[in-house]
Every structure is written in C-alpha cells, then in structure tokens.
1. Could you tell me what percent of the DSSP beta bridges with both partners in the chain are antiparallel, to the nearest 5?
2. Suppose R0 equals 35 Å. What FRET efficiency, 1/(1 + (r/R0)^6) with r the Cβ-Cβ distance, do Leu24 and Lys219 give to the nearest 0.05?
3. Can you tell me the length gained on complete extension of the stretch Ile171 to Thr96, counting 0.36 nm per residue apart and subtracting the Cα distance?
4. Take Gln13, project a point 7 Å from its Cα along the Cβ direction, then tell me which residues of segment 56-86 have their backbone nitrogen under 20 Å from it.
5. Only residues of segment 103-134 count here: report those whose backbone N is under 12 Å from the spot 7 Å along Cα→Cβ of Glu155, or say none.
6. Among Ser177, Ser70, Ser48, which one moves the most in a GNM of the chain with springs linking Cα atoms closer than 10 Å?
7. Please build a GNM for the chain, connecting alpha carbons under 10 Å apart, and tell me which residue among Pro185, Pro97, Pro85 fluctuates the most.
8. Calculated FRET efficiency, Gln140 and Ser55, Cβ-Cβ r, R0 35 Å, to nearest 0.05?
Amino acid sequence: MITPTEAITLQEQLRTQVIATDALPHPIRTIAGTDVEYDKSTNLIAGSVVVLDYSTLSVLAVASHCMEVSFPYIPGLFSFREMPPLLEAYRQLTITPDLIICDGQGLAHHRRFGLACHLGVTLDIPVIGCGKTRLCGQYQDLGETRGSVAPLIAEEDQAVIGNALRTRDGINPVFVSIGHKISLPTATGIVLKMATQYRLPETTRLADHYARLALLEYKTGLNEPPVSI
C-alpha cells in the first residue's frame, strides 16, 4: 500500500499533467457522475458511477463497487481512499462517458490535485470537480440568485482555483474546479446545467443514490455489488 508521504509525492508529480483547457467532444452526448458512500459501522466503502444522456438526463448505465477502505483518513489525500472503488466501478461500465462530474475537488485543493484531477489524469478524460463544501480558498460577493458566480481565490498566491456557484436561489453554493481537460468557465456552465431542480447536479445526486444502494445491498448479503443498466 502506498504511504502518505508517497501519496503526497505522487500528487506533486501528477499535477503537472492536468490540462486546464477544453478537450470535450462536440457535441457532448453522455455525462457521468461519481460518488462514494462510507459505512459508519464497518470499513466498507462503495463507489458508484452513473452515466446520463447529456440532453435528457436519462440514466444510461450504472456501475458500483464495494470494498474495504485501503488508505487512512488524511485530509488532502481523499483521492487515495476513493479512487479504488471508483476505478473498479468505472471498469464495469458498458458506456464510456464524454465527461465526468466528480463529487470532490479538482484544482481547489491545497496541492492543486484533488480527486477530480486524480481521476481525470488517470482515466485521461475530461473531469469536473464539484464539491459540496469548500476545502480551501476564499470567495466574496456571491449573489443570491441561481447562476451567480464568485471566483475562489487561493490564500497563498491569490490564484483562481475554482468558482463558488449558486445553483438555487438563496441556497448554499457548490464549489466548481477544473479536474482535467476542461476550462473553469465551461465546467461552471455544465454544473449549472446539470443542477436542474436541486442544489447538487443530477449526476452527483444519482451517483450518491446508487452508492448508498450498493452499500446497503452488499451489507445485506449480496456476494457481488449491484450493477444495473
């Protein structure tokens, strides 16, 4: 197993491979969401990937994988806990998505290499980071209406590392950042498009649902994590 020191070194090495410009297909036909669910009473973790039609948001494919957590809880190194089940789930997909919205940070990370960057560089496809909470950076003067955006500024060098995005009027924002092969304006627009009814994009909401379902079914006696299409 990789050590925390080795994990930090790997982050420093891989972050140089992040592409912060758009490399999306035209038109975009499919979009995926990822999420993980931790079991509070055991060492189990479930990762799910759900693929949607980009235009209709209908579910095209779902894959999930349950396993034991293989890396300790260390802030800034969550990708080393969450990548293994997500990668196993991704390998089960029968459809390769055009891009992914990852429930986690991308460049909005202390070492500019969060889960969305790690996943994007590993799979070599466009990935957007969309965090429910702010990991680092500061923002100001975010409007109260849907679609309001404020840059997320790193404290140490004043670089723009993401955007705070209001997806619902008067509701707490989400935090969008580059994962790989996408620009920040494009990533922000796509997250807003996917947040059709709720604060979180549909990709994240559905991936969260399937991750919870996978963990529940796995714990209730299934020999294999659920996979549905």
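1. Restricted to the chain, the bridges split so that about 80 percent are antiparallel.
2. So, using R0 = 35 Å, E works out to roughly 0.40.
3. My answer for the length gained is 23.7 nm.
4. Under 20 Å, as judged by backbone N against the label point of Gln13, lie 71-72, 76-84 of segment 56-86.
5. Backbone N within reach: 110.
6. Ser70
7. Result for the chain, Cα springs under 10 Å: Pro185 fluctuates most.
8. The pair Gln140/Ser55 has a calculated efficiency of 0.50.
The values are calculated or read from the model by the stated rules, or taken from the named source; none is laboratory data. All figures in this text were calculated on a predicted structure; none of them were measured in a lab. Every residue, glycine among them, receives a Cβ derived from its backbone with ideal geometry; neighbour counts consider all protein chains shown. With ligands, DNA and RNA removed, areas are computed over all heavy atoms of the protein, side chains included. Shrake-Rupley method; radii C 1.70, N 1.55, O 1.52, S 1.80 Å.
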